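Since the structure comes first, as structure tokens, the remarks are kept for the end.
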Amino acid sequence: MLIVLGVFLLLGVIQAQQIKSVIYDQHAQLFINEAEEVVIIFNKYENTERIAIDERLEILANVLSANTAILDTDGKISYGQPANDQSPSSWFLELGFKERLLGGENVVFSGKIRGINEEMFLVAVPLKKDKQIIGSVVIFSPLESMKHHVNNIWGIALIGTLIGIFLATVLSMLVSRKMIRPLEKMEETARHIAEGEFGRQIEVTSDDEVGRLARSFNRMSSQLSEKIEAIEKIDRLRQELLSDVSHELRTPLTVIQGFSEAVLDGLVKSKEQEQLYLNNIIDESQRYL
């Protein structure tokens with residue numbers, strides 16, 4: 001039981017980490033996709049309609065509940081407005097962002113950024129024009145809202161885990177009870193057999209290992225009963241044989257005893273009579289030889 005609970009708790013922790021990873025990855029991919037759209041719009045309208053770029057950034061800010069900005073290679077703002085009116089140049093250099101962006105790599109970051117008090121979730125995509133990196137498109141939002149989303153899903157997952165633990169506990173108890181009941185019946189039957197109730201049987205209710213064990217137990221009990229009956233039959237035959245032998249021997253022994261006592265007591269008066277008695281004794285003694 002404890003092992004089952006431990007497994008469910010471990011799975012709950014793993015699931016929570018997976019939920020966090022999935023949500024962060026989804027947000028990152030969404031921000032990257034939108035930033036790449038901004039790059040396309042920038043290349044289309046940079047020289048003709050600056051307002052179209054600003055409008056796109058504003059729409060993104062409202063839809064994503066995030067700040068959007070286009071920065072040059074020095075981290076200076078070109079379009080959009082960073083969070084809390086902070087200059088982007090301070091966090092553009094954070095953790096080697098600039099080197100990674102100039103190398104053509106997308107940047108995904110969550111945590112504290114220099115110059116901004118709260119934790120942020122940030123995605124930056126290189127801004128390319130004529131195959132040259134001239135800046136970056138940055139989308140970022142407070143990490144607190146994502147944490148709140150993750151915590152809500154964690155709560156749902158935790159409830160699901162607790163329900164799973166409860167159901168697993170109940171199911172384990174039912175399964176254990178189903179497995180233990182036949183074993184208890186075997187123990188009870190074995191006790192009755194030890195007390196002399198040979199041949200006692202157990203009701204078989206399954207085809208699993210416990211059911212096969214019960215069938216083997218029943219066969220053993222039946223065989224034991226048959227052997228005990230055979231032994232008792234042999235013992236009865238032995239007793240009958242002894243009784244018959246005793247009965248058969250009793251008559252000639254009585255005759256022998258009578259003739260012998262007559263001779264010893266001097267009741268025989270003549271040699272002929274004594275010879276007759278002795279011959280009778282010999283005849284009776286040789287009857288069963």
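Filtering the range 121-146 down to residues that are surrounded by fewer than 22 Cβ atoms within 10 Å (Cβ to Cβ) and under 45 Å from the mean Cα position of the chain (by Cα), which residue is nearest to residue 100 (Cα to Cα)?
The selected residue is 141.
What residue, of 175, 204, is part of a loop (DSSP other than H, G, I, E, B), at pLDDT below 80 and either of a type in the set (A, V, I, L, M) or within 30 Å of residue 80 (Cα to Cα) (or both)? I'd like the intermediate steps shown before the answer.
Details: 175 fails: part of a loop (DSSP other than H, G, I, E, B).
Among 175, 204, only 204 is part of a loop (DSSP other than H, G, I, E, B), at pLDDT below 80 and either of a type in the set (A, V, I, L, M) or within 30 Å of residue 80 (Cα to Cα) (or both).
From the residues in the range 27-56 that are over 20 Å from residue 132 (Cα atoms) and of a type in the set (A, V, I, L, M), which one is surrounded by the fewest Cβ atoms within 10 Å (Cβ to Cβ)?
If we take residues in the range 27-56 being over 20 Å from residue 132 (Cα atoms) and of a type in the set (A, V, I, L, M), then 51 is surrounded by the fewest Cβ atoms within 10 Å (Cβ to Cβ).
How many residues are out of contact with any Phe, Trp or Tyr (no Cβ under 8 Å at 6 or more places or on another chain) and either of a type in the set (Asp, Glu) or free of Cβ contacts under 8 Å to residues at least 60 places away in the same chain (or both) when one looks only at the range 107-125?
Qualifying residue count, the range 107-125: 5.
For the range 134-160, enumerate the residues that are of a type in the set (Gly, Ala, Ser) and either at pLDDT 75 or above or within 16 Å of residue 20 (Cα to Cα) (or both).
To start, the set of residues in the range 134-160 that are of a type in the set (Gly, Ala, Ser) comprises 135-136, 141, 145, 155, 157, 160.
135, 136, 141, 145, 155, 157 - these are the residues of the range 134-160 that are of a type in the set (Gly, Ala, Ser) and either at pLDDT 75 or above or within 16 Å of residue 20 (Cα to Cα) (or both).
From (1) more than 52 Å from the chain's Cα centre (by Cα); (2) at pLDDT 80 or above, pick out the condition that doesn't hold for residue 81.
Against the list (1) more than 52 Å from the chain's Cα centre (by Cα); (2) at pLDDT 80 or above, residue 81 comes up short only on (2).
The values are calculated or read from the model by the stated rules, or taken from the named source; none is laboratory data. Being a predicted model, the structure only gives us computed values, none of them experimental. Neighbour counts run over all protein chains shown; Cβ positions are idealised from the backbone, glycine included.
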